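Reading through the structure tokens given below for one structure.
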Amino acid sequence: MDAVTGRFDADAHAQRMRTQGYTVIEDFLDAPTLARFRAGLAPFMGSHHGRNDFEGFKTERIYTLVARGKVFEEIAADARLMALIGRFLQPNFLLSASHAISLEPGETPQSIHSDDNFYRQPRPRAPIGISVIGAIDAFTQANGATEVIPGSHLWGEPGGDGRPTDPTELEQMLVPMEIPAGAALVFPGTLLHRGGANVTDKPRLAFTHQYCEPWARPQENFWLSVPREMVREMSPTAQRLLGYEIAPPFLGMVSASHPAKALEPGWVPPVVAQSPS
């Protein structure tokens, strides 16, 4: 048992991630939270479809989800996730990406990829990011369940150490993550995976939250996309995830001060307050 999160065994989940490359939290969201998620997301739907094949021409994505309702903030800052991710990333790790994903009928498979590959450190290596994919609708192979290659989080660079490079061979290694509504798939950013094809007549709704080391640049620039007035009303955990905390010894400072000071009412940036009149 985990002393902080009660019944949730973060160490067991972490061990599965280290060995097979992923774990599933089957009871991550209960029925009332799923209903809150759907209700909170509804006003934003219909606003953004993919602009390329990777994003998904028949996939709707709602970005900066963490700031679009309390339920989304709570999910991003969930204590079980914080405990599990803390087994891999350094203290004061950051939220890197937060969005809802509605995979519509006719969507094709993504290319096989890893989520933290844009950090250019060579493989094999420890993950720089951790990804969470939550099923709002049940994931099936037919509706585009995320497909993973177990063990690939340990692979080196393409073509090295016997790592397969042939796309057909890689596709044959994919395993669909068929999980129930309310479950969450968690995996290191080094795991090879893809979104599947939706060959059904109904959309498949999910969300993804990705987290990164406190010294890495997040994918979404939350300092610009989430107004300080909104961050001020968030929980301390969510504020930390959005960057209002120091990564020792002084990463993230604001003119030599703690970044949380920027959330104080009436705060004026020192470059303005100290400017000659």
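The values are calculated or read from the model by the stated rules, or taken from the named source; none is laboratory data. Keep in mind it's a predicted model, so treat the numbers as computed, not measured. A quick note on method: Cβ atoms are made from the backbone with ideal geometry, for glycine too, and the neighbour counts reach across all protein chains shown. These area figures cover heavy atoms from the full protein model, side chains too; ligands, DNA and RNA do not enter into them. Shrake-Rupley method; radii C 1.70, N 1.55, O 1.52, S 1.80 Å.
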### Message
Under 7 Å between Cβ atoms, which residue pairs at least 6 apart in sequence (or on different chains) link something in the stretch 211-224 that is more than 17 Å from Val132 (Cβ to Cβ) with a partner that is in a loop (DSSP other than H, G, I, E, B)?
### Response
Pro214/Gln90; Pro214/Asn92; Pro214/Phe93; Trp223/Gly243
### Query
Out of Phe37, Phe44, Phe28, which single residue is under 30 Å from Met230 (Cα atoms), under 15 Å from the mean Cα position of the chain (by Cα) and of a type in the set (Phe, Trp, Tyr)?
Phe28
### Query
Applying the selection to the stretch 118-171, what residues are over 17 Å from Phe207 (Cα atoms), of a type in the set (Ser, Thr, Tyr) and assigned to a loop (DSSP other than H, G, I, E, B)?
Tyr119, Thr165
### Message
So, in the stretch 38-56, exactly how many residues are open to solvent by 80 Å² or more (accessible area, probe 1.4 Å), without any contact (Cβ under 8 Å) to a residue 24 or more places away in the chain and of a type outside the set (Gly, Ala, Ser)?
### Response
2
## Note on the structure
Given the conditions (1) under 21 Å from Thr23 (Cβ atoms); (2) among the basic types (Lys, Arg); (3) at pLDDT below 95, every one holds for Arg194 apart from (3)
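Residues are listed down the side, and each one gets a yes or a no for (1) at pLDDT 95 or above; (2) within 12 Å of the chain's Cα centre (by Cα):
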position: Phe54; (1), (2): no, no
position: Phe57; (1), (2): no, no
position: Val71; (1), (2): yes, no
position: Gly86; (1), (2): yes, no
position: Ser96; (1), (2): yes, yes
position: Arg120; (1), (2): no, no
position: Ala126; (1), (2): yes, no
### Message
On the basis of being more than 27 Å from Asp53 (Cα to Cα), at pLDDT 95 or above, open to solvent by less than 60 Å² (accessible area, probe 1.4 Å) and not aromatic (Phe, Trp, Tyr), does Thr200 make the cut?
### Response
no
### Message
List the residue pairs whose Cβ atoms are under 6 Å apart, where the first residue sits in the stretch 101-112 and is under 8 Å from Arg204 (Cα atoms) and touching a residue at least 40 places away in the same chain (Cβ under 8 Å), the second is among the polar types (S, T, N, Q) and crowded, with 20+ Cβ neighbours inside 10 Å, and the two are 6 or more positions apart or on different chains.
### Response
Leu103/Thr59; Leu103/Asn198
### Query
Across the stretch 170-229, what is the total count of residues that are in contact with a helix residue (DSSP H, G or I) (Cβ under 8 Å, 6 or more places away or on another chain), of a type outside the set (A, V, I, L, M, F, W, C) and within 23 Å of Thr33 (Cβ to Cβ)?
3
### Task
Output the residues belonging to the stretch 177-235 that are within 18 Å of the chain's Cα centre (by Cα), in a loop (DSSP other than H, G, I, E, B) and not hydrophobic (A, V, I, L, M, F, W, C).
Gly182, Gly189, Thr190, Gly195, Gly196, Glu213, Pro214, Arg217, Pro218, Gln219, Glu220, Asn221
### Task
Filter the stretch 13-33 down to residues that are among the hydrophobic types (A, V, I, L, M, F, W, C) and in contact with a strand residue (DSSP E or B) (Cβ under 9 Å, 6 or more places away or on another chain) and give me whichever is most open to solvent (accessible area, probe 1.4 Å).
Val24
### Message
Are there helices (runs of 4 or more DSSP H) fully within the stretch 19-116 with at least 1 residues that are farther than 15 Å from Ala238 by Cβ? List them.
### Response
31-41, 79-85
### Task
State all residues of the stretch 57-81 that are over 21 Å from Trp223 (Cβ atoms), surrounded by fewer than 21 Cβ atoms within 10 Å (Cβ to Cβ) and among the aliphatic types (A, V, I, L, M); if no residue qualifies, say none.
Val71, Ala79
